[in-house]
1. Just to be sure I understand, how many residues within segment A:166-191 are of a type in the set (Asp, Glu) and more than 9 Å from chain B (Cβ to nearest Cβ)?
2. Check A:Val150, A:Val134 and return the single one that is modelled with pLDDT of 95 or more and either over 30 Å from B:Asn76 (Cβ atoms) or crowded, with 20+ Cβ neighbours inside 10 Å (or both).
3. Can we say A:Glu98 is loosely packed, with under 14 Cβ neighbours inside 10 Å and either modelled with pLDDT under 85 or of a type in the set (Gly, Ala, Ser) (or both)?
Amino acid sequence: MGSGPSERTGLTPVKIVVAGGFGVGKTTFVGAISEIEPLRSEAIITDASAGIDELYPDGTKTETTVAMDFGRISLKHRLVLYLFGTPGQDRFHFMWDELARGAIGAVVLVDTRRIDACFAAIDFFEKRGTPFVVAVNTFHGRRIHEPELVREALRIGPEVPIVYCDARVRVDVQRTLMAVVEHTLERVMSEAAAS
Amino acid sequence: MKIQEVILKAMSGKLKWWEAAEIIAHSRKEIAIVELAANLEVPVGVIRVLAADLRDQGAITITEPPTETVSDSSDNDYAELLHKVLDGIRAL
């Protein structure tokens, strides 16, 4: 399988994963900056892998669909940045590993009213070693918690950047994506210095 | 004809797969597998399998995100890529 720039067009694809609990604003986040309408890509999975589907206790339903958001942004230097919003429901976490593969890093979107909804995402990226930033979604510009309170509540180390971001506002989303790349860059540089 | 339409026709049997492959090979369009899947309303896994078949026939090339391979090979290359991405996002 090829890597690096495509032979045909010379475009280099890169990706950033957008995670967080169900309904935290991932679709809004992707839509705020994507040059295409956020696409909902569906993966059909069988009940065997999806777990129990209580809506169909008689077993008539053999498959279920899971949607993930997808956005695209053309950058200069012949780069294309793809944004992947992870499926929020707990039972689709098995898909995250594939989404995270090859990603520059991740955004964990946090709604401070439901802070526990993002624990699974944080846990996943920490274990996998994927660099991530926490983006507190500030609906209506309200800063609900101070960064250190958020850090404490999420039990994340001092190295994880926390940014505030209104997922509807393009420049906020832009800054958040820059924070991800900067964070990954810092880690690469410090690893290079250590070796 | 868009790649989506070509694949759709191939899937519905209106085009032979090798015909579809030929058309795609002559097109210079590039599209993400997941984008294609969303446009066609076909599961990503299906497109991935079809794309792999077309690649094996030499009709298309599949480009993986360079991040993992680059980060394995050289920190400098990876840092350079990240600088470009950062610059690109900043310039939006």
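1. Going through segment A:166-191 one residue at a time, the tally reaches 3.
2. On the way: A:Val150 fails: modelled with pLDDT of 95 or more.
The unique qualifying residue is A:Val134.
3. So A:Glu98 fits the description; yes.
The values are calculated or read from the model by the stated rules, or taken from the named source; none is laboratory data. Given the structure is predicted, the values throughout are model-derived calculations rather than measurements. Here the Cβ is made from the backbone with ideal geometry for all residues, glycine too, and neighbour counts use every protein chain on show.
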